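The values are calculated or read from the model by the stated rules, or taken from the named source; none is laboratory data. Worth saying up front: this structure is predicted, and the values here are computed from it rather than measured. When we count neighbours, we look across all protein chains shown, and the Cβ atoms used for this are built from the backbone with ideal geometry, even at glycine. Quick note on the areas: whole protein, heavy atoms, side chains included, nothing else; ligands and nucleic acids left out. Shrake-Rupley method; radii C 1.70, N 1.55, O 1.52, S 1.80 Å.
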Amino acid sequence: MTLTKAPFRADHVGSLLRPENLHKARKEFKEGTITAEQLREVETKEIKRVVDKQIELGFELVTDGEFRRTWFHLDFLEHLNGFEGFVPDQGYLFEGVETEKYNVRNTGKVSFNPDHPHIKDFVELNEIVNGRAVVKQTIPSPNQLFNVGIQNEAVYSDIEEYANDIIKAYQDAIQAFYKAGVRYLQLDDVYIAGLSAPDIPFSDGKYSREQLIDLALRVVNGALENKPEDLVVTTHLCRGNYQSTWAFEGSYALIAPTLLAKENVEGFFLEYDDDRSGDFKPLDHIPNGGAQVVLGVVTSKTGELEDKEAIKARIKEASQYVPLEQLCLSPQCGFASTHHGNKLTEEQQWAKLKLVVDIAKEFWG
């Protein structure tokens, strides 16, 4: 029952804890005491180390741990044409904490930048991996650009025009990554998961939740319209991950009939590591024989190692709604969605990832 293509029985979301020497190098670069080339050398050395470690643990996929980024989404988005990074008055509000202040805003017409630095980053990663595993490229979902305050109404007075240009930019991005060698692409989508959080207000009241859910589906499916047949695309639905805190709660019930049922991806990475996630019932909406469901029942937020039998019981519980052959296993999120990282040690991170591989082998062979 081993999957011949992604997502894999044992998978992971992507980001890994940044080692101390990388934090140090990034600080020195900001202070002007080392060059961009010297910072890149440190990043490359650490990427080689974590690639080897992922392969040693038995993963069929590897990522670069997002070691060349500071945020899972902003580094990608600010290098699209029509956006810029900036320091706002307030960071994102998470449970009990306000994040570091940084965001993107729309400054002009949106299009893909053919010199986007993430393309070069992938090419170099692919050379490091050298065919030893499948390289997974993670990028933020196009829907991240619909968070309140990003769209510039002086540039785009009509949300549909804004959406159409984002769709085209992502179609071009997908083609560029494919041409560079990407065959496994993951869209990280906090925005869509937020649409399923009952307490989150959206769009300053201009649109209903139903309208925004419909738009979110059209944007992702539009971006994937001309996707090459042998490119696997998955979506990771995340409720926020910053220094082990979270942004919102709520099951997937509100978005399941639309997004889980109709999004044209090969897999969904879903967070199911605590009570905030709700039950598995929304998985009923995943078409039989459709997208794989990667169960995030191992948490990346704490270092305590889960009980193997308890995780197996959770997989069995989920199989009441989705056939077992359509299920996979991973941590619920990355270990460092931002450069700050979650509150656990690197040793605990590797133990969690080893647990995922061990359970998948025992469960699916």
Practice problem: Report the extension gain between Phe86 and Val123 in nm, rounded to one decimal, defined as 0.36 nm multiplied by the number of residues separating them, less their alpha carbon distance. | Solution: 10.5 nm
Quiz item: Which FRET efficiency value, to the nearest 0.05, do you get for Tyr178 and Glu362 by plugging their Cβ-Cβ distance into 1/(1 + (r/R0)^6) with R0 = 45 Å?
Solution: 0.85
Quiz item: Given the pairs Lys206/Lys281; Lys48/Lys168; Lys312/Lys354; Lys136/Lys343, which are separated by over 26 angstrom at their Cα positions?
Solution: Lys206/Lys281; Lys48/Lys168
Exercise. Please identify the helices of the chain, taking whole runs of DSSP H, that span at least 15 Å along their own axis as judged from the Cα atoms and have a mean Kyte-Doolittle score of 0.0 or higher.
Key: 117-129, 209-223
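For Asn221 and Ser157, what is the calculated FRET efficiency with R₀ set at 25 Å and r taken between the beta-carbons, to the nearest 0.05?
It comes to 0.55.
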Quiz prompt | Residue-normalised accessible area of the chain, expressed per residue, 1.4 Å probe, Å² | solution = 41
Quiz item: If you bin every alpha carbon distance in the range 122-236 into 10 Å steps from zero, what whole percent lands in each bin?
Solution: 12, 41, 29, 14, 4
Exercise. For the range 280-365, would you read off the P(r) tail past 22 Å as a percentage of all alpha carbon pairs?
Key: 31
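Hey, can you rank 18-25, 160-167 by average C-beta count inside 10 Å, highest first?
160-167, 18-25
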Quiz item: Summing +1 for each Lys or Arg and -1 for each Asp or Glu, what net charge is found among the other residues whose Cβ lies under 12 Å from the Cβ of Thr345?
Solution: -2
Quiz item: For the range 281-289, what does the Karplus curve 6.51 cos²θ - 1.76 cosθ + 1.60, with θ = phi - 60°, yield as ³J(HN,Hα) per residue in whole Hz, taken in order and with x for Gly and Pro?
Solution: 3, x, 5, 3, 7, 6, x, 4, x
Practice problem: Could you run the Debye sum over the Cα atoms of the chain, one equal point scatterer each and no solvent, and tell me log10 of I(q)/I(0) at q = 0.07, 0.11, 0.12 Å⁻¹, two decimals? | Solution: -0.27, -0.72, -0.87
Quiz item: Can you list residues whose amide H is under 5 Å from Tyr184's amide H, if they're 5+ apart or on another chain and H is modeled 1.01 Å from N?
Solution: Gln137, Val232
Self-check item: Estimated vicinal HN-Hα couplings, Hz - the range 295-302 in sequence order (Karplus 6.51, -1.76, 1.60; Gly, Pro = x)
Solution: 7, x, 9, 9, 8, 9, 8, 10
Quiz item: Extension gain Ala36-Lys24, at 0.36 nm per residue separation less the Cα-Cα distance, in nm?
Solution: 3.0 nm
